[in-house]
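Read-outs: derived from the displayed coordinates by stated rules, not from any lab. Just so we're clear, the structure is a prediction, and the values are computed from it rather than from any experiment. We place every Cβ from the backbone using ideal geometry, glycine too, and count neighbours over all the protein chains shown.
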Amino acid sequence: MVNPLEYIGRNSLNLFQLVGELIQLFIHTLYWCKQALRNLDKIFYFMVRMGVNTLPIASFTSLFVGMVMVLQTGYTLEKFGMAESLGAIVPIAMARELGPVLTALLLAGRIGAAITAEIGTMTVSEEVDALKTLGINPIGYLAMPRFLACLFMLPVLVVYADVVGILGGAVVTTAYFQIPVTIYFDRMAESLEVIDIIKGLVKAAVFGVTIAIVGCRYGLKTSGGAAGVGEATTRSVVCSFVSIYILNYFITRLWM
């Protein structure tokens, strides 16, 4: 029979160890950013993979999120004669919350898993050990380009997702609630402020760093062959999701 106190204590230690390893990897990756100019080709390669190749699914997700949000809130607001407020509600929600969080979750599932799988495969096949033998630091060679690519591309994707979501909301507002699109965008101009966009971009940058660091950490710690790569990838995605939720709460609380 498992002792509850022993179980809680062991898992608490594992959690603290994980947080410590993530912080340590983050600091080491920042240190190796000094070689960013020498690795621009790798950074741009990962930026294309993370950004351009993610645009189709990001467009699809953001468009329907904006449309569904209008449907969910519009009928309630219409009962109180406030349907015109949709032009204020949808853009703020997309800029502050839905755009950064949903895009980060999408990137964590698509790119975070790929980062872990790629580096994890290199780890179990001893390619990482070969890099060390050649005098190449794995963090500078593997983690740093992915780190910078996530840092720069997630905010760009968030801006794009915000625009698509807002346009999707405008279409549904006009089609279902017969509110002129000019009124929708007038309400948006009155309510949406630059600080709302900045808050979303700050969240996006933090989430991008988190996805890269978590993916690289689990990749570098992979063991156990092909099965180990699959397990590490699953753990990486779960850890990224949980980290995004927790960080989103604390960042939102700090901005209030």
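Measuring r between the beta carbons of ILE183 and LEU40 and using R0 = 51 Å, the FRET efficiency lands at 0.65. Among rounded, prolate and oblate, which fits segment 1-112 when a ≥ b ≥ c are the square roots of the eigenvalues of its C-alpha gyration tensor, a/c under 1.5 means rounded, and a/b larger than b/c means prolate? In terms of gyration-tensor shape, oblate. Report summary: the helix-based calculation at 222 nm, which adds -39500 (n - 2.57) for every DSSP H run with n ≥ 4 and divides by the residues of the chain, gives -27000 deg cm²/dmol.
Counting other Cβ atoms within 10 Å as a rough exposure proxy, the listed residues PHE177, PHE16, PHE46 run PHE16, PHE177, PHE46 from fewest neighbours to most.
Taking 25 Å as R0, compute the FRET efficiency from the Cβ-Cβ separation of SER223 and THR133 and round it to 0.05. Could you put the intermediate results ahead of the total?
Numbers: r = 19 Å, r/R0 = 0.74.
Working from the Cβ atoms, E equals 0.85.
Over the chain, the pair-distance histogram of Cα-Cα distances with 5 Å bins from zero comes to 1, 6, 12, 14, 16, 14, 11, 8, 7, 5, 3, 2, 1, 0, 0 percent, rounded to whole numbers. Taking other C-beta atoms within 10 Å as the exposure proxy, GLU78, GLU190 rank GLU190, GLU78 from fewest upward.
Counting only Cβ charges, +1 for Lys and Arg and -1 for Asp and Glu, the dipole size of segment 114-235 around its Cα centre is about 240 debye.
What is the order of ILE136, ILE27, ILE197, fewest Cβ neighbours within 10 Å to most? Can you show the working numbers first?
Values: ILE136 13, ILE27 9, ILE197 18.
In increasing order of surrounding Cβ atoms, one gets ILE27, ILE136, ILE197.
Against the chain, whose longest principal axis comes from its Cα atoms, helix 144-177 is set at around 20 degrees. Straight-distance candidates among the lysines for linking to LYS42, with alpha-carbon spacing under 17 Å and chain neighbours fewer than 8 residues away dropped: LYS34.
In sequence order, segment 92-98 has phi-based couplings of 5, 4, 5, 5, 7, 10, 5 Hz under the Karplus curve 6.51 cos²θ - 1.76 cosθ + 1.60, θ = phi - 60°, and Gly or Pro positions carry x.
Using 0.36 nm times the number of residues separating THR252 and VAL202, minus their current alpha carbon distance, what extension gain do you get?
On the way: separation 50, 0.36 × 50 = 18.00 nm, distance 1.04 nm.
Full extension of this stretch gives 17.0 nm more.
The packing ranking, built from the mean of other Cβ atoms within 10 Å per residue, places the peptides 126-134, 155-163 in the order 155-163, 126-134, highest first.
Determine the sum of side-chain charges near ILE179: Lys and Arg each +1, Asp and Glu each -1, restricted to other residues whose C-beta is under 14 angstrom from that of ILE179. Could the numbers behind the result be given before it?
Details: positive: ARG187; negative: GLU78, GLU84, ASP186.
Local net charge: -2.
Express in nm, to one decimal, how much length is gained between GLN24 and GLU193 on full extension, taking 0.36 nm for each residue of separation and deducting their alpha carbon distance.
On the way: separation 169, 0.36 × 169 = 60.84 nm, distance 3.64 nm.
Value of the extension gain: 57.2 nm.
Tell me, how many Å apart are the Cα centres for segment 152-228 and for segment 37-103? Spelled out, the Cα-based centre of one part sits 5 Å from the other. Here segment 39-255 is assigned +1 on the Cβ of each Lys and Arg and -1 on the Cβ of each Asp and Glu. Its dipole about the Cα centre then comes out at about 400 debye.
Remark: segment 1-83 carries a charge dipole of roughly 260 debye about the Cα centre, counting +1 on each Lys and Arg Cβ and -1 on each Asp and Glu Cβ.
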